[in-house]
1. Checking Leu357 against (1) open to solvent by less than 10 Å² (accessible area, probe 1.4 Å); (2) closer than 18 Å to Ser8 by Cβ; (3) under 19 Å from the mean Cα position of the chain (by Cα), which single condition isn't satisfied?
2. Looking only at segment 17-36, how many residues end up being farther than 17 Å from Lys336 by Cα, in contact with a Phe, Trp or Tyr (Cβ under 8 Å, 6 or more places away or on another chain) and not small (Gly, Ala, Ser)?
3. If you check Arg141 against the conditions, is it of a type in the set (Lys, Arg), in a helix (DSSP H, G or I), at pLDDT 95 or above and out of contact with any Leu (no Cβ under 6 Å at 6 or more places or on another chain)?
4. Among the residues of segment 34-42, are any open to solvent by 10 Å² or more (accessible area, probe 1.4 Å), touching a residue at least 24 places away in the same chain (Cβ under 8 Å) and assigned to a loop (DSSP other than H, G, I, E, B)?
5. Condition first: at pLDDT 90 or above and open to solvent by 40 Å² or more (accessible area, probe 1.4 Å). Now tell me which residues in segment 241-258 satisfy that.
6. Can you pull out the residues in segment 331-343 that are open to solvent by 40 Å² or more (accessible area, probe 1.4 Å) and not aromatic (Phe, Trp, Tyr)?
7. Working only within segment 56-67, note down all residues that are within 13 Å of the chain's Cα centre (by Cα) and open to solvent by less than 30 Å² (accessible area, probe 1.4 Å).
8. Among residues belonging to segment 192-215 that are outside any helix (DSSP H, G or I) and aliphatic (A, V, I, L, M), point out the one that is surrounded by the fewest Cβ atoms within 10 Å (Cβ to Cβ).
Amino acid sequence: MKYDVIGSYLPPVEFLEAKEAYEAGRISADDLKNAEDKAVSTVIERQLEAGLGLITSGEVRRRFWDWDFYFNLEGITRERVDSGRIYQDMESFTDVMRFAGRIGVNKEHPFIANFKYLDRVLDGRASALQTLPSPSELYLRILTSDTSLGGNLYPEPECLLSDIAGAYNGTLKALYEAGCRNVQFDDTVCGRMCDFVFLKGLIQGGIDAIKLQNDIVNLLNASIEGIPSDMNISLYMSSGPTVVPEWRSTSMPDNIMHKVLAEVKVGTFMLPFNISRPEDLSVLSHLPAGKSVALGVINAHSPFPDDVAMVKEFVREAVREYPALTFSISPQTGFKVSSYAMRGLLFEDQWNKIAELKSIAAEL
């Protein structure tokens, strides 16, 4: 059986030290850039050593997994808020999204340059994979934010949906021109909408949940419409901080997963599961025959070994119950996590996890 990864990695400790040195003023911006390039190259080489078929830059260059992409689209700017002490003792520092115009593709987007670096380092030794935050992430963030965010630019949601889809579609085509043939959308919106509490909050905020479901499916499909057939698009769906969606709630007829799995036209779905709940595999019944599924079965946010026997039995049951699907196995999420030190995660732990994944795949 094949094994895949979500694509984000903890960087080498030397890069983390270089970032601290830069913020303290001990090294220059050029020194930091060189350290960043070296860190990306190190992560690439380690993926090759691990035998992975699709290689990412590890998202090493990103400060945020999602904001970094949005802030470099046309029409979106970043405002740094560095004051605010009304309700707290400490100063607040955060990045806020603002509109300078309507959202559009930026053909000079840094992600494209970053992909070119990845492709150049790989030099044909494996296929490159570019990860992007899902278009539904941007849409829901705007939809649920202050109504003044879009101003008069987007009086109707259909116009906003169209512009987001166009920006993504244009980005995919620019990546294709740069040589990219594999893209992964990282999505937490669909997974969070399986949570009744989250969904209730949307409804109480005046959002039509059924319309939102249809809008998300249409947005995802519009974003990849007309993309060359040899560009493979995958959709990774987690539930945000809790990682594994509440798959048991998908038995409800109005659950979003019915539509997403049946109607979104990506080639591969990457779905994290709690292996102690094999009954949650029933969500796979919504997938059309022939679809590829990466079962997320390894805990990427723990340095401890997984229950290999339980993982194997979970995967075997999926294969038995859904023989019309093509399966691979993967971690439940990416390895990069801000709370890595608190979790006891070290740079080497992620490679140990991939070795564990590889061993399990070889026995299945």
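The values are calculated or read from the model by the stated rules, or taken from the named source; none is laboratory data. Here the structure is a predicted model, which is why all the values come from computation and not from measurement. Because the Cβ atoms are built from the backbone with ideal geometry, glycine has one as well, and the counts that use them run over all protein chains shown. Remember, those area values only see protein heavy atoms, side chains included, never the ligands or the DNA or RNA. Shrake-Rupley method; radii C 1.70, N 1.55, O 1.52, S 1.80 Å.
1. (3) is the only condition that Leu357 fails.
2. Going through segment 17-36 one residue at a time, the tally reaches 2.
3. In short, no.
4. No, segment 34-42 has no match at all.
5. Passing the criteria: Thr242, Glu246, His258.
6. Passing the criteria: Lys336, Ser338, Ala341, Met342, Arg343.
7. Thr56, Gly58, Glu59, Arg62, Asp66
8. Ile207
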